[in-house]
Amino acid sequence: MIPASSIGQTADIYAGRFANQRQVFAHLRGAAGTTFIPDRVEVICNENPEPRLEHWFSQGDSASIEDRLGLNTTCIIIFEHAQADLDTGGTDRLSYLGSFVTLRHRP
């Protein structure tokens with residue numbers, strides 16, 4: 001199977017507060033629907049998000065995402081091909097920050 005490319009696609013960004021990635025994925029499994037593909041999600045939890053955001057997005061978008069995180073400790077990047085059925089309303093634990101164009105290929 002050829003991995004999906006994320007170049008030029010949009011990724012939905014969500015923010016929340018989670019102690020670790022395991023908690024994020026447990027929450028997403030319940031909220032994103034039965035077709036959800038966890039391998040197509042990037043979670044930045046309890047660390048400086050800037051280096052990892054700059055891997056996927058332009059410097060301007062990375063800075064904008066980091067600013068929008070506010071006091072949240074977790075940033076979730078859901079790529080288009082993750083088949084997650086989340087909407088822009090977020091969930092009880094995730095706030096939607098916006099959609100941004102990706103600049104790199106997801107391996």
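The values are calculated or read from the model by the stated rules, or taken from the named source; none is laboratory data. Because the structure is predicted, anything quoted here is derived from the model rather than measured. Here Cβ is always computed from backbone atoms with ideal geometry, including for glycine, and neighbour counts include all displayed protein chains. The area values use the complete protein model at the heavy-atom level, side chains included, leaving out ligands, DNA and RNA. Shrake-Rupley method; radii C 1.70, N 1.55, O 1.52, S 1.80 Å.
Over all pairs of distinct alpha carbons, what does the Kirkwood formula give as the hydrodynamic radius of the chain, in Å? Averaging 1/r across every pair of different Cα atoms and inverting gives 13.7 Å.
Accessible surface of S58, taken over heavy atoms with a 1.4 Å probe and every protein chain present, rounds to 40 Å².
Using a cutoff of 8 angstrom between alpha carbon atoms and counting only pairs six or more residues apart, the relative contact order for the chain works out to 53 percent. Under 5 Å from the amide H of F18 lie the amide H atoms of T73, T74, each residue being 5 or more positions distant or on a separate chain, with H modelled from the backbone and absent for Pro and chain starts. Can you tally the net charge around A63? Count Lys and Arg as +1, Asp and Glu as -1, for every other residue whose Cβ sits under 13 Å from the Cβ of A63. Taking every other residue near A63 into account, the sum is -4.
For the range 50-94, a/c is not less than 1.5, where a ≥ b ≥ c are the root eigenvalues of the C-alpha gyration tensor, and a/b does not top b/c. That puts it in the oblate class.
Distance between the C-alpha centres of the range 48-82 and the range 16-33: 17 Å, rounded to the whole angstrom.
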